[in-house]
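Notes follow the structure.
The values are calculated or read from the model by the stated rules, or taken from the named source; none is laboratory data. On a predicted model such as this, the values are computed, not experimentally measured, just so you know. All Cβ positions, glycine included, derive from the backbone under ideal geometry; neighbour counts span all protein chains shown.
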Amino acid sequence: MYNTVQTLHSYWAYIVLLILLLATVNALYKTFSDKEYEAKDFRISLFTLIVSHIQLLIGLVLYFVSPRLQLFSESGMGEIMKDSVNRLYLVEHPLINIIAVALITIGYSKHKKKLTSASKLKIIAVFYTIALVLFLSRIPWSTWMS
């Protein structure tokens, strides 16, 4: 089960990054070129929200079926924090990505309350850009690209 969930989590990450990148670039482009907020922009931001939440759920399942989780009881938090690989998989990756999904959720919720196109697009641009940077910072690139 672990390998199946891990594979799903890895491949779904491509979808999340692609959609998040699309939403971010779209919002930044429209913000800086003073374009109007359209129904297409709403759908892109909503789709980004949905795929990122699905990724979060897959990641949580992966986290709790992972054999690495036993290291908390075997080694303790101090030993995990000393090992960069275990720290990445057990602490940094989950925590930072949960924060990134929370930022996407906050950005999506806040943008719906705004009344003007400029403010809607600016909120999406800011929150989704920060989330994208956080996602990119905690991807385990060495294993993900192999």
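Values as computed for the structure displayed
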quantity: Residues being among the basic types (Lys, Arg), without any contact (Cβ under 8 Å) to a residue 40 or more places away in the chain and surrounded by 14 or more Cβ atoms within 10 Å (Cβ to Cβ) - total across the stretch 91-146; calculated: 2
quantity: Hits in the stretch 6-42 (condition: among the acidic types (Asp, Glu) and out of contact with any Ser or Thr (no Cβ under 8 Å at 6 or more places or on another chain)); calculated: Asp34, Glu38, Asp41
quantity: Single residue of the stretch 49-90 satisfying the filter (of a type in the set (Phe, Trp, Tyr) and over 26 Å from Phe127 (Cα atoms)) that is nearest to the chain's Cα centre (by Cα); calculated: Phe64
quantity: In the stretch 63-76, residue modelled with the lowest pLDDT [restricted to those that are part of a helix (DSSP H, G or I) and touching a Leu at 6+ places or on another chain (Cβ under 9 Å)]; calculated: Phe72
quantity: The stretch 20-43, residues that are buried (at least 20 other Cβ atoms within 10 Å of the Cβ) and free of Cβ contacts under 8 Å to residues at least 60 places away in the same chain; calculated: Asn26
